[in-house]
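Working notes for the structure below.
The numbers here are math on the coordinates, done by the rules we state, and not lab data. This structure is a prediction, so every number in the text was calculated from the model and none was measured. Here the Cβ positions follow ideal geometry from the backbone for every residue, glycine too, while neighbour counts run over all protein chains shown.
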Amino acid sequence: MRFLVMAMNGPTAESAARMLEYSKSLQKAGVLLARDELFPPSTGARISFTDGRPTVTNGPFVPSKELLGGYWILQVRSREEAIEWAKRAPLSGDEAIEVLQIREM
């Protein structure tokens, strides 16, 4: 089973080293398939559709309490195992992790 593990609100500069060590532990355990950090929303674009016609809005977007800061893709045996790995992430304060199973196509 593959799971997308998303870091909401992104790590601070102070926690970057801890996040790197966490990623290394995932890799050493053989469960890490991919990982990336994301640029801030100010560099992105949102495409919305009205009656099938796209409208492009450049970032930054309406302020949100939660922003996706980065992600990992894990290959594990179960949802419970993915959650156990996510619980080990060195996040604090108002940060959160979301775990979603990837639908195999």
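Listing for the model above:
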| item | result |
| --- | --- |
| Inter-label distance, nm, simple model (7 Å from Cα along the C-beta direction), Q75/Q101 | 1.8 nm |
| Phi to ³J(HN,Hα) by Karplus 6.51 cos²θ - 1.76 cosθ + 1.60 over the stretch 89-105, Hz, x for Gly, Pro | 4, x, 9, 8, x, 9, 7, 8, 10, 10, 10, 10, 6, 8, 6, 6, 9 |
| Order of V99, V76 - criterion: other Cβ atoms within 10 Å of each residue's Cβ, fewest first | V99, V76 |
| Calculated Rg and Dmax of the chain using C-alpha coordinates, Å | 15.6, 48 |
| Value at 222 nm in deg cm²/dmol, rounded to 500, when DSSP H runs of n ≥ 4 in the chain each add -39,500 (n - 2.57) | -6500 deg cm²/dmol |
| Footprinting exposure proxy for M19, M6, M1, M105 (fewest neighbouring C-beta atoms within 10 Å first) | M105, M1, M6, M19 |
| Fewest-first sequence of L74, L68 by Cβ atoms within 10 Å of each Cβ | L68, L74 |
| Helix axis angle, 16-28 relative to the chain longest principal axis, alpha carbon, degrees | 60 degrees |
